[in-house]
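The values are calculated or read from the model by the stated rules, or taken from the named source; none is laboratory data. This structure is a prediction, so every number in the text was calculated from the model and none was measured. Glycine gets a Cβ as well: all are built from the backbone with ideal geometry, and neighbour counts include every protein chain shown.
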């Protein structure tokens, strides 16, 4: 019986670690912006990475938008989350997001 209790406690601890590692990043877009083929309105979003998808969630209405990304590792740790974008034909497009506190960067295709 005691072995079963230890196993259950261990399984719960592992499940908690997985949930805690699902980190989100706060980003703010000042204008409508394309993330791949997905258009995001100006505003605040929570960004999570789910496999090879970036999931943008608007905290005001809980609507989520996904965009495919290529995940790359940098040789340095990013101090803060930063968006690199470009403007083409009057439309802003995200090229890359550097995730603060990690060496991970998300690259968006056009």
**Message:** For residue 60, only one of the following conditions fails: (1) surrounded by 12 or more Cβ atoms within 10 Å (Cβ to Cβ); (2) assigned to a loop (DSSP other than H, G, I, E, B); (3) touching a strand residue (DSSP E or B) at 6+ places or on another chain (Cβ under 8 Å). What is its number?
**Reply:** (1)
**Message:** Given the criterion out of contact with any helix residue (DSSP H, G or I) (no Cβ under 6 Å at 6 or more places or on another chain), within 16 Å of residue 100 (Cβ to Cβ), part of a loop (DSSP other than H, G, I, E, B) and at pLDDT 95 or above, identify the matching residue among 23, 77, 46.
**Reply:** 77
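So that you can scan it fast, the table gives a plain yes or no per residue for (1) in contact (Cβ under 8 Å) with a residue 40 or more places away in the chain; (2) touching a strand residue (DSSP E or B) at 6+ places or on another chain (Cβ under 6 Å); (3) surrounded by 15 or more Cβ atoms within 10 Å (Cβ to Cβ); (4) under 20 Å from residue 23 (Cα atoms):
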| residue | (1), (2), (3), (4) |
| --- | --- |
| 40 | no, yes, yes, no |
| 45 | no, yes, yes, yes |
| 50 | no, no, no, yes |
| 64 | no, yes, no, yes |
| 93 | yes, yes, yes, no |
**Item:** Enumeration of residues in region 71-91 that are farther than 19 Å from residue 40 by Cα, within 15 Å of the chain's Cα centre (by Cα) and exposed (fewer than 15 other Cβ atoms within 10 Å of the Cβ)
**Value:** 71, 72, 73, 80
